[in-house]
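Step one of this worksheet: look at the structure below.
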Amino acid sequence: MLKVENIDVYYGAIHAIRNVSFEVNEGEIVTLIGANGAGKSTILKTVSGILTPKTGTVNFMDKKLNGTPSYMVTRMGLSHVPEGRRIFQQLSVEENLEMGGFTRNKDEIPALIEHVYDKFPRLRERHTQIAGTLSGGEQQMLAIGRALMSKPHLMMLDEPSMGLAPILVEQIFEIIKELNESGVTILLVEQNANMALKIADRGYVLESGKIVLSGTGAELMASDAVKKAYLGG
Amino acid sequence: MDFLSTLISGLSLGSIYALIALGYTMVYGIAKMLNFAHGDIIMVAAFTVYVFATVLKLPAAATIPLAVLFCMLLGVTIERIAYKPLRKAPPLSVLITAIGVSYFLQNLALLIFGSNQKSFPKIINIPALKLGQLTIKGESIATLSVSIVIMLALTLFISRSKMGKAMRAVSEDKEAAELMGINVNQTISVTFAIGSALAVAAGVFYGATYNFIGPYTGSMPGIKAFVAAVFGGIGSIPGAMLGGILLGVIENLSKAYISTELSDAIVFAVLIIILYVKPTGLLGRKTNEKV
Ligand SMILES: Nc1ncnc2c1ncn2[C@@H]1O[C@H](COP(=O)(O)OP(=O)(O)O)[C@@H](O)[C@H]1O
Ligand SMILES: [Mg+2]
């Protein structure tokens, strides 16, 4: 579904991503793990068109994406839940969801919103509330719900567990698994390697802009290198 | 009665400032730039009406829609040519470019129409309203009523319509808005188009109130409306309306009761005091910190 081949990404003179290749097949949960600053967010931004790779290609559903503006990428069925959630703080919960459905037809919106509320009843209770006043966990649910509004084939999540209490982290990972079971392919970026590898079919380990290891979730969990660097022993 | 008629003409002048201030504040909110050429769009609007009505002798009903169309295209074109390439440039470069555009429009008008003032065509023909001793000029009635309708419509558009919500989303976070599938460049164009359409309304009422127009007609109301936008809280739509109306009222009251020469100084002094007490303006809010 998503095939990234030999991409190099720069911020000015900074060479952030070096010759990275990976793929995500339909129906999978694939995780990209790595320390802070490894380049995980940069890769997601490159896929969604916020950044353009200097060399290499990004293919999504057999279409080459390089240079496609990100609003077009979203329209093709790829949604990106950015790091730090980035919900629209001054818009209401429901308006945030409407923005998530910006690319959909007007008459589809009410049913899509209902679907999100069924998944996240907390959001229904707070649908008129200004989003900036939600708690961290609720904001993450809103960010995921908003991304669901575009009916994506592939959802990319950038550190959805960041800053959440352990119980909420469990809940978020549970939701990601459910989403996947309902047919959404997932590319998950995490620093919480343990949780991510548990639910992932496959994973890639990123270090200083390079992929140093890849394998199934179970293989990576068993790997000494991963254990040492990311699983605390 | 004198006080009341001063107040009404102040409200009418204030709603002209408000219409212009809305253009400043919306563009600032969305493109995060001060479009210093915005005042000159008013001048262009007034000359466009002059050309259509006085030179080409078109009926008033055709003149205004044509001027709106022309100025919307002009506003969008200026954004595309002059500002869009600078989307990622430092704010100072954008500001200097906007000042350059302002001089360009003024000098172009000077070249085409010369420096003599032209008399603005009489396209608003509403008789004055007499209520006992109070007389309200036809121009004031037109300005006030049309401005109120425009401001209500704009408020509804921003709060309810899909495009209006997208504009608020873009003003908060362009990258996130783009990830929703919102075409940010298109949203910015729409904002410039709306700002320019409002400037046409302002230009027509300004011309009708002062009767004469020249290449520099836009600069003083432009600066005052900018002040009004800051006064109300730059980026805030109700703030621009409130700021514009207050500014017009303060200006007219000081002209009537303090001094004609000092009225502008008084207006600016009030601004300085307000900003000293509330740096974000009357209805402005602190910029949100990123989580
Ligand atoms: N806007 C930017 N400008 C310059 N360098 C950046 C920018 N964003 C990220 N970087 C650098 O790129 C590298 C990868 O960053 P990032 O993709 O955010 O890492 P991660 O998401 O894995 O923490 C880091 O060295 C970071 O400092
Ligand atoms: Mg990151």
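Computed values, structure above
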{"quantity": "Å³ per residue enclosed by the Cα convex hull of the stretch A:86-151", "calculated": "70 Å³"}
{"quantity": "Charge dipole (chain B, unit charges on Cβ, about Cα centre) - positive-most of B:Tyr50, B:Tyr28, B:Gly164", "calculated": "B:Gly164"}
{"quantity": "Under 19 Å from A:Lys228, Cα to Cα: lysines that are on another chain or at least 8 residues apart", "calculated": "A:Lys198, A:Lys210"}
{"quantity": "For chain B: accessible area per residue (Å², 1.4 Å)", "calculated": "46 Å²"}
{"quantity": "Mean projected area in nm² (Cα convex hull; one quarter of hull surface) for chain A", "calculated": "12.2 nm²"}
{"quantity": "Inter-label distance, nm, simple model (7 Å from Cα along the C-beta direction), B:Ala269/A:Lys54", "calculated": "6.0 nm"}
{"quantity": "Probe 1.4 Å, accessible area per residue of the stretch A:78-233, Å²", "calculated": "42 Å²"}
{"quantity": "Where labels lie 7 Å past Cα in the beta-carbon direction, separation of A:Arg18 and A:Lys63 in nm", "calculated": "3.4 nm"}
{"quantity": "For peptides B:66-76, B:132-142, B:106-116, sequence by mean Cβ density within 10 Å, most packed first", "calculated": "B:66-76, B:132-142, B:106-116"}
{"quantity": "B:Lys84, B:Lys162, A:Lys40, reordered so the largest accessible area comes first (probe 1.4 Å)", "calculated": "B:Lys162, B:Lys84, A:Lys40"}
{"quantity": "Sequence ranges A:67-73, B:216-222, B:52-58, ranked by mean other-Cβ count within 10 angstrom, highest first", "calculated": "B:216-222, A:67-73, B:52-58"}
{"quantity": "Number of partner chain Cβ atoms within 10 Å, mean per residue of A:67-73", "calculated": "4"}
{"quantity": "Tail fraction, Cα-Cα pairs, the protein assembly as shown, threshold 30 Å, whole percent", "calculated": "56 percent"}
{"quantity": "Accessible-area order (highest first, 1.4 angstrom probe) of the listed residues B:Asp40, A:Asp62, A:Asp8, B:Asp2", "calculated": "A:Asp62, B:Asp2, A:Asp8, B:Asp40"}
{"quantity": "Averaged over B:169-178, number of beta-carbon atoms from partner chains that fall within 10 Å", "calculated": "6"}
{"quantity": "Rounded if a/c under 1.5, otherwise prolate or oblate - the stretch B:237-282, Cα gyration tensor axes", "calculated": "oblate"}
{"quantity": "Rounded to the nearest 10 Å², the accessible area of B:Phe192 at probe 1.4 Å", "calculated": "10 Å²"}
{"quantity": "Estimated translational D of the stretch A:5-101 in µm²/s (Stokes, Kirkwood radius over Cα pairs; 20 °C; 1.002 mPa s)", "calculated": "145 µm²/s"}
{"quantity": "Principal-axis tilt of helix A:109-119 within chain A, Cα atoms, nearest 10 degrees", "calculated": "70 degrees"}
{"quantity": "Shape call, the stretch B:94-195: gyration tensor on alpha carbons, a/c limit 1.5", "calculated": "oblate"}
{"quantity": "Chains B and A together, accessible area buried on both sides, 1.4 angstrom probe, square angstrom", "calculated": "2300 Å²"}
{"quantity": "Cα pair distances of chain B binned at 5 Å [whole percent]", "calculated": "1, 6, 11, 16, 19, 17, 14, 9, 5, 2, 1, 0, 0"}
{"quantity": "Unit Cα scatterers, Debye sum, the stretch B:176-291: log10 I(q)/I(0) for q = 0.09, 0.17, 0.23 Å⁻¹", "calculated": "-0.33, -0.98, -1.35"}
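The values are calculated or read from the model by the stated rules, or taken from the named source; none is laboratory data. All figures in this text were calculated on a predicted structure; none of them were measured in a lab. Note that we place each Cβ from the backbone using ideal geometry, even for glycine, and neighbour counts take in every protein chain shown. Accessible surface areas use protein heavy atoms only, side chains included; no ligands, DNA or RNA. Shrake-Rupley method; radii C 1.70, N 1.55, O 1.52, S 1.80 Å.
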